[in-house]
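**Q** Dropping a structure here in structure tokens format, bear with me for questions.
Here, each number is a calculation from the coordinates, and none is a lab measurement. All values reported here derive from a predicted model rather than from experimental measurement. Because the Cβ atoms are built from the backbone with ideal geometry, glycine has one as well, and the counts that use them run over all protein chains shown.
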Amino acid sequence: MQVEQLTCTIGAELLGLNLADVIHDDGLFAEVRQQLLKHRVLFLRNQDISHAEHVAFARRFGELEDHPVVGSHPDHPGLVQIHKSPENPPDRYENAWHTDTTWRENPSMGAVLRCLECPPVGGDTVWANMVVAYDRLPADVKARIEGLRARHSIEASFGAAMPIEKRLALKERYPDAEHPVVRTHPETGEKVLFVNSFATHFSNYHTPERVRFGQDFSPGAGELLRYLISQATIPEYQVRWRWKPNSIAIWDNRSTQHYAVMDYPPCHRKMNRAGIVGDKPY
């Protein structure tokens, strides 16, 4: 296996590796996992593997999770089908910068995403290193956000376009989760900026020390949250991957955000994602 680093802060391509071989090779898997912790997102080309092999490789990291809104493969639970169709324009809606499933009490540990079909050009995915994003915050901002917690909502994101009855039922099933604004990576001990487009507000910002006559001190909680979320958009923290069929991305969901770029013409974009159950952020 050869490792080709793609940017100064995030991302590496693995060459000369077949993921099907990693399923039964403990030493090879340990090496892949170590590279994941180092580079945060790994890329591979020409991985003509079966759905069963996709699931089996992802399960080496942990149990897989289904998605309450996006359907899974009927024969392979945990293999979420992210299929975009030109015949159904709402399907082509992509997303903002996010960390997967932070609306869960235990957000995903990571994911293995495989491209089945993609546009001839466009439809890239971009990842950002949120450890570097935290490290490079001004010292006064780090002091302000120490101890802050934020609410993350599936209702305000996936549920927003649903009829009110379905939206409220979704929220009842998945109440807003509360996470630290700065989490500690459970394997590396690094501090990670942990707010994204699923975060709606700080849950412990409005204290007597931060208000004056009932109003938040300027710039206030809303502006601070928007500022923190915007850190993922800084190019120096990013890597951009151009998809081809049978390309694969493996990412550490605890220390990254990502963005699926919706710049392609009407055509199919079919991806299968195996999301790995994570732990409770602290």
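**Q** Taking 0.36 nm per intervening residue step and subtracting the Cα-Cα distance, what contour gain separates Arg59 from Ala96 on full extension?
**A** 10.6 nm
**Q** P(r) for the stretch 169-211: what percent of alpha-carbon pairs falls in each 10 Å bin, starting at zero?
**A** Pairs per bin, as whole percents: 22, 37, 33, 8.
**Q** Among the listed pairs Lys166/Lys191; Lys171/Lys280; Lys84/Lys244; Lys171/Lys191; Lys38/Lys84, give every one whose C-alpha distance is greater than 25 Å.
**A** With Cα atoms farther than 25 Å apart: Lys166/Lys191; Lys171/Lys191; Lys38/Lys84.
**Q** Further question on the same structure: Please report the antiparallel percentage of the DSSP beta bridges confined to the stretch 1-137, to the nearest 5.
**A** Among the beta bridges of the stretch 1-137, antiparallel pairing accounts for roughly 75 percent.
**Q** Let me ask you something else. Put a dot 7 Å past each Cα toward the Cβ at His24 and Met1; how far apart are the dots in nm?
**A** Simple spin-label model gives 1.8 nm for this pair.
**Q** Taking neighbour Cβ counts within 10 Å as the exposure measure, how do Phe217, Phe194, Phe158, Phe57 sort from fewest upward?
**A** The most exposed by this proxy come first: Phe217, Phe158, Phe57, Phe194.
**Q** Now, a different point. Pairs of alpha-carbon atoms within less than 8 angstrom and 6+ residues apart define the contacts here; what relative contact order does the stretch 87-231 have, in percent?
**A** For the stretch 87-231, the relative contact order is 27 percent.
**Q** Simple spin-label model, 7 Å along Cα-to-Cβ: Asn204 to Glu117 in nm?
**A** About 4.9 nm separates the two model spin labels.
**Q** If R0 is 30 Å, what FRET efficiency do you get for Tyr282 and Glu165 from their C-beta distance, rounded to 0.05?
**A** 0.30
**Q** Which value in Å does the Kirkwood hydrodynamic radius of the stretch 178-251 take, with 1/r averaged over all unlike C-alpha pairs and then inverted?
**A** In the stretch 178-251 this quantity evaluates to 15.3 Å.
**Q** Let me ask you something else. For the stretch 156-278, calculate the relative contact order in percent as a whole number, restricting contacts to Cα pairs under 8 Å that are 6 or more residues apart.
**A** 19 percent
**Q** Return the FRET efficiency for the residue pair Gln34, Lys142: r is the Cβ-Cβ distance, R0 is 25 Å, and the value is rounded to the nearest 0.05.
**A** Efficiency, rounded to the nearest 0.05: 0.30.
**Q** Starting from a Cα-only point model with no solvent, please compute log10 I(q)/I(0) by Debye for the chain at q = 0.09, 0.12 1/Å.
**A** After summing over all Cα pairs, the log10 values are -0.43, -0.77.
**Q** Sort His73, His258 so the one with the fewest other Cβ atoms within 10 Å of its own Cβ comes first.
**A** Fewest to most other Cβ atoms nearby, the residues stand as His73, His258.
**Q** Going by how many other Cβ atoms sit within 10 Å of their own, how do Cys267, Cys118 line up, fewest first?
**A** Listing Cys267, Cys118 from fewest to most nearby Cβ atoms yields Cys267, Cys118.
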